[in-house]
1. Can you pull the accessible area of Met3 for me, 1.4 Å probe, Å² to the nearest 10?
2. Could you tell me the center-to-center distance, by alpha carbons, between the range 69-92 and the range 24-53 in angstrom?
3. Evaluate E = 1/(1 + (r/R0)^6) for Asn5 and Lys56, where r is the Cβ-Cβ distance and R0 equals 22 Å; express this FRET efficiency to the nearest 0.05.
4. Can you give me the relative contact order of the range 53-128 as a percent, contacts being Cα pairs under 8 Å and 6 or more apart?
5. Relative contact order, percent, of the chain when contacts are C-alpha pairs under 8 Å separated by at least 6 residues?
6. Return the distance in nm (one decimal) between the two label points of a simple spin-label model at Val109 and Asn29, each offset 7 Å from Cα along Cα→Cβ.
7. Could you work out what % of the accessible surface of the chain is carbon and sulfur, using a 1.4 angstrom probe and leaving DNA, RNA and ligands out of the count?
8. Could you give the longest part of the chain that holds none of the chymotrypsin sites (Phe, Trp or Tyr not before Pro) found in DSSP loops with at most 13 neighbouring Cβ atoms within 10 Å?
Amino acid sequence: MEMINALGRRKSSVARVYLMKGDGQILINGKDFREYFPQKHVQANITGPFEVVDAKNIYNVVVNVKGGGFKGQSEAVRMGVSRALVKLNDEFRKSLKDEKFLTRDSREVERKKYGKPKARKSFQFSKR
């Protein structure tokens, strides 16, 4: 196994994930993932797939992520890591699918329409 790459998406975030044998180091855009995502609940998104398949501290992960906010980026990374683990070993698929780590959440922001202040909100109606 030299390097496995996968793609993860969420909202407008795209994460390119590269998985290789190592000591469990996770780099996101050149920084450690704890530095890039300082919030604990967001860090759990990145380490979640490894905990589900009991593969902590076995693989090094290098991620390039762009677009969106920190939450969308972390979920894009989670999906990319999960897809890379499935490419590595097909037996991981069931446990990751049960946790919904392989499901693409395709919800995107609806565009603003003309004549309205937001996408669906209307101005206050006045009869007279």
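The values are calculated or read from the model by the stated rules, or taken from the named source; none is laboratory data. Quick caveat, the model's predicted, so the values are computed rather than measured. Neighbour counts are summed over all protein chains in view; Cβ atoms, including those assigned to glycine, are modelled from backbone coordinates with ideal geometry. With ligands, DNA and RNA removed, areas are computed over all heavy atoms of the protein, side chains included. Shrake-Rupley method; radii C 1.70, N 1.55, O 1.52, S 1.80 Å.
1. Counting only protein heavy atoms, Met3 exposes about 100 Å² to solvent.
2. 11 Å
3. Details: r = 21 Å, r/R0 = 0.94.
The formula returns an efficiency of 0.60 here.
4. Values: 32 pairs, mean separation 14.4, N = 76.
Averaging sequence separation for qualifying contacts and normalising by length gives 19 percent for the range 53-128.
5. Working: 219 pairs, mean separation 40.1, N = 128.
This gives 31 percent for the chain.
6. According to this spin-label approximation, the distance is 1.6 nm.
7. Details: 4150 of 8450 Å².
Answer for the chain is 49 percent, counting heavy atoms of protein chains only.
8. Details: sites that count: Tyr114, Phe123, Phe125.
That gives 1-113 as the longest site-free run.
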